[in-house]
Amino acid sequence: MKATGMLQSYTSTPCVTKDDSRAPLRTHTARRKRAVAVRAGPGSGLDKPKEVTLLDYGVGNVRSVRNAIKYLGYTVRDVQSPSDITSADRLIFPGVGSFGAAMDILNDKGFAAPLKDYLAEGKPFLGICLGMQLLFEGSEESQGVEGLGVIPGQVTGFDTTLGLPVPHMGWSGVSQKQPSAVLQHVKDGERVYFVHSYRVQEADVNKDWTLTTTNYGGEFTSSVQKGDIMATQFHPEKSGAVGLKLFESFLKGEKLAGDGLSDGLGFPLSSAVPAELSKRVIACLDVRANDNGDLVVTKGDQYDVREKEGDNNVRNLGKPVELCSRYFKEGADEVTFLNITGFRDFPLGDMPMLEVLRLASETVFVPLTVGGGIRGFTDENGKVHTALDVAAEYFRSGADKVSIGSESVFAAEDFIATGKLTGKTGIEQISYRYGKQAVVVSIDPKKQWVSSPDEVPYRCVKSTLGKGPNGEEYAWYQATVSGGRELRPIGAYELATAVEKLGAGEILLNCIDRDGTGDGFDLDLVSQVSDAVTIPVIASSGAGSPAHFSEVFKNTRCAAALAAGIFHRSEVSIDSVKEQMANDNVATRL
């Protein structure tokens, strides 16, 4: 289902199933009263200006939530002091990062006590992601740290022994357990966006709070509600049209009339298993300055982005913000910006790229990742900036995740040599502050053929994709830095397993040999790495047709697949990729 419908109209339609059939809406029985949405009456706060209070405690991409609110015609009042929470009529609390770090900040700023009082009064509240988890008594993630304690129970980690990638990252469905006007536009089979490593499992002590559940290695609570207090584990601000409607219903203060069990609101209550986690299709934009100094989207062949003929200029395939918006409307599950421009010495001075993120996040409501220059540096005044400082600026500008390249290779080499976590690497620092789901490691390996695995100290694969130039049957994938220009003494397998231990939450797996060829993904490489780690892996490099996406999903454990040039040049559409996946019975968000 394209996102263009969200921008043109909020009219609900039957859901589209994987076989492209239209799932019929359930009809209510004659014994049930018809449920309708009504605006809250006078005294509810809605007779005041269209304003909502936002609790931004300084961690993560709150810009996306802010943009969604503004997109719907509301103004944002930021919490500056504890009294702002007390005086709020309608409060949104988006949270990312670790449970313990978030509670520390809330307590240090004096926000925790007034927030508990606000919730005790039952005033309108919407918590998002960690903003839901903090409502509980505590979390396995930060043992000994007390949560807000509004809802009884503990937050626990996913069971990684089940073989599922963790974090749970991507688009999954929900099964509704109680009536809710706020969920009126979420239909059976539709998916919303999740990214989390910890979850709440329903128990007798908190089942009266459960609004929806989702299945990922077992059923967990994906949203809660009691009265006007609601919270979601998923991110409505990153869930496209569905998420915007959830925001709109909350902001309007819609209420249920009647028993709320018929087809008018919140879709009919369903005990069916919600839609499984879909495989993600990601559009990638390689952004750099051209010879005139303008930021353009480009694409190379084996990382060479200049034209082969004529004036040898940087290949220009469009403007970054316009292309990002186009891919969102076409149904991309995520958009990634890889900043390959020349602002390498002083990344925080890269104002054009920051502005691209700010503008894109105003109208694009799916996750945005940015990579390039995420590392520590010393500026021209001698001031030291950490990778965490750089990442924080990208998050404030609209990024949901940052992708770390060369620095992660050096960090992995040091970790393998010492076996010790120092807490000083960019991966560790960003992961601790923002959560590992915010940290992507980009691996750029080059295939090296060998006659026998015994020739090198790195993990090899027996090729299923042909033999080497001298008849070799085995290969290993050597990691590179500096945009593929420098080989390093570490393999992709060793790098991937090391960065997972350092705190990475996802791997973007490129392949220099396949880049720009259109021959399909390197299945041997993707299989090796996705089998080696428990975090999600994004396959990249080599896509030339919709069938290549189905191929990599059906033959490896990768969670997502990324392409650039074929989308930019309109050789392949995102629609055609998803249609191919659906026809091949690969779970996808249509």
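The values are calculated or read from the model by the stated rules, or taken from the named source; none is laboratory data. Remember, predicted model here, so these are calculated numbers, not experimental data. Positions of Cβ are backbone-derived with ideal geometry, glycine not excepted, and every protein chain shown enters the neighbour counts. Note: accessible area is taken over every heavy atom of the protein model, side chains too, but ligands, DNA and RNA are not part of it. Shrake-Rupley method; radii C 1.70, N 1.55, O 1.52, S 1.80 Å.
Our summary gives the stretch 125-198 a relative contact order of 26 percent, counting only alpha carbon pairs under 8 angstrom and 6 or more residues apart.
Estimated at the nearest 10 Å², the accessible area of TRP171 is 0 Å² with a 1.4 Å probe. Here's the picture: charge each Lys and Arg Cβ at +1 and each Asp and Glu Cβ at -1 in the stretch 439-590, and of ALA543, LEU525, ALA498 the one pushed furthest to the positive end of that dipole is ALA498. Using only Cα atoms, locate the centre of the stretch 104-128 and the centre of the stretch 152-169, then give the distance between them in Å, rounded to an integer. Taking the Cα centre of the stretch 152-169 as reference, the centre of the stretch 104-128 is 26 Å away. The figure for LEU357 is an accessible area of roughly 0 square angstrom, using a 1.4 Å probe on the protein chains alone.
When GLU334, GLU393, GLU137 are compared by accessible area of protein heavy atoms, the largest-first order is GLU137, GLU393, GLU334, using a 1.4 Å probe. Given a cut-off of under 8 Å on Cα pairs at least six residues apart, what relative contact order in percent is computed for the stretch 342-489? Relative contact order comes out at 18 percent. For the pairs LYS109/LYS177; LYS401/LYS446; LYS255/LYS279; LYS383/LYS420, flag any whose C-alpha to C-alpha distance is greater than 32 Å. Where the Cα-Cα span goes over 32 Å, the pairs concerned are LYS109/LYS177; LYS255/LYS279. When the surface is traced with a 1.4 Å probe over the full set of protein chains, SER222 keeps roughly 0 Å² accessible.
Summarising the label geometry, the points placed 7 Å from Cα in the beta-carbon direction at SER570 and VAL76 lie 3.5 nm from one another.
Of all lysines in the structure, those lying under 19 Å Cα to Cα from LYS116, and not within fewer than 8 positions of it along the same chain, are LYS226.
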